[in-house]
Amino acid sequence: MVAAGAPKSGWRIPNMLWGVRLSILGHAGSYGAPGAQCSSYLVSCERTHLLLDIGNGSFSNLGRTIMPGELSGVFISHRHHDHLADLISLYHYLSFVPGARMHPIPLFASAETLEAISRLVVEDFGGILVPRAVESGDCLDLGQVEVTFASTEHIPGTLAAKVTDPRGTSMAYTADTGPSQSLASFFHGVDLLLGESTWLTRPDSAPAGLHLDAGELAELATRSEAKRLVVTHVAYPGNAAAAARLVQSRHQGEVLAAFDGLVVEF
Ligand SMILES: [Zn+2]
Ligand SMILES: [Zn+2]
């Protein structure tokens, strides 16, 4: 159980008056390593805070940014553990820590993913998390932002998400995916693309599709004409810095390597 009380890390930053802030809470693919928790990304716009995935280990970093009860919504891209395992930690924190619960938090995921979550966490979220099924093509308003979804090339069924603020500033998250022309269209022109590069170079033993390597992510980012790319979900023993260097060698736009604690404002 995580102790109650205000976060003590320097990660916490004041509410913004404008713009979008992306805080990386976990960036490892499949399983974590010291200082590298699994996928979780907090997207903030004014007082709207949307969490994109909450992989194993990442809950320990959430309290460094906001109080977990402040979340406006949680989006789970698919049912692999490295994208949702710490939903259990969030649920237990909100259930049992006095004062932690501020309001019901909508939980956005496909119907397939919500079904898997209900078996993993509890059958009834008790009004703490409020499941809301979304599918490719859906568009929803959440506080200050608009969120849209698109299917990716991954098994099981996976959704990518795009978040747009009232000024039209946008960021998109690939979640887990193999190469996809339709995703390049969905991401077209975003200000920031948060993209997976599970491998530096696709291993011969890896199945076709399902994930990207650095070269494939560079191609997706170039086709998308994303203004900025953050490289994430790099599986051990690779690291995001090495993946970002490889991507940068094949892509003209700005490339950043994700790390736990990275904050990007745009
Ligand atoms: Zn994954
Ligand atoms: Zn996956």
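The values are calculated or read from the model by the stated rules, or taken from the named source; none is laboratory data. Bear in mind that the values here come from a model prediction, so they are computed numbers and not experimental data. Every residue, glycine as well, gets a Cβ built from its backbone with ideal geometry; the counts of neighbours run over all protein chains shown. The protein model used for the area step is the full one, side chains on, heavy atoms only, and it has no ligands, DNA or RNA in it. Shrake-Rupley method; radii C 1.70, N 1.55, O 1.52, S 1.80 Å.
The table for this structure:
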| item | result |
| --- | --- |
| Pairs with Cβ under 6 Å, 6+ apart, first in region 209-229 and closer than 15 Å to Thr198 by Cβ and modelled with pLDDT under 95, second open to solvent by 50 Å² or more (accessible area, probe 1.4 Å) and part of a loop (DSSP other than H, G, I, E, B) | Gly209/Glu153 |
| Hits in region 161-180 (condition: within 16 Å of ligand 2 (Cβ to nearest atom) and assigned to a strand (DSSP E or B)) | Ala161, Tyr173 |
| Qualifying residue in region 96-113 (condition: assigned to a helix (DSSP H, G or I), away from ligand 2 (no atom under 16 Å from the Cβ) and surrounded by 14 or more Cβ atoms within 10 Å (Cβ to Cβ)) | no |
| Any hit, region 58-76, residues being among the hydrophobic types (A, V, I, L, M, F, W, C), within 15 Å of Glu196 (Cα to Cα) and assigned to a strand (DSSP E or B) | no |
| Subset of region 241-266 that is within 15 Å of the chain's Cα centre (by Cα) and among the aliphatic types (A, V, I, L, M) - its residue that is surrounded by the fewest Cβ atoms within 10 Å (Cβ to Cβ) | Val263 |
| Flag if Thr222 is assigned to a helix (DSSP H, G or I), in contact with a Gly (Cβ under 8 Å, 6 or more places away or on another chain) and open to solvent by 10 Å² or more (accessible area, probe 1.4 Å) | yes |
| All positions within region 69-86 that are within 16 Å of ligand 2 (Cβ to nearest atom) and either in contact (Cβ under 8 Å) with a residue 40 or more places away in the chain or surrounded by fewer than 23 Cβ atoms within 10 Å (Cβ to Cβ) (or both) | Phe75, Ile76, Ser77, His78, Arg79, His80, His81, Asp82, His83, Ala85, Asp86 |
| Tally of residues being open to solvent by less than 60 Å² (accessible area, probe 1.4 Å) and either within 16 Å of ligand 2 (Cβ to nearest atom) or free of Cβ contacts under 8 Å to residues at least 12 places away in the same chain (or both) across region 182-208 | 10 |
| Residue check for Arg119: within 21 Å of His154 (Cβ to Cβ) and either in contact with an Asp or Glu (Cβ under 6 Å, 6 or more places away or on another chain) or crowded, with 18+ Cβ neighbours inside 10 Å (or both) | no |
| Within region 131-160, tally of residues that are open to solvent by 20 Å² or more (accessible area, probe 1.4 Å), away from ligand 1 (no atom under 16 Å from the Cβ) and not in a strand (DSSP E or B) | 6 |
| Criterion (away from ligand 1 (no atom under 16 Å from the Cβ) and on the phi > 0 side of the Ramachandran plot) met by exactly one of Gly209, Gly189, Gly253, Gly215 | Gly189 |
| Number of the condition not met by Pro166 [criteria: (1) crowded, with 20+ Cβ neighbours inside 10 Å; (2) more than 16 Å from ligand 1 (Cβ to nearest atom)] | (1) |
| Residue in region 181-198 that is β-branched (Val, Ile, Thr) and part of a loop (DSSP other than H, G, I, E, B) present | yes |
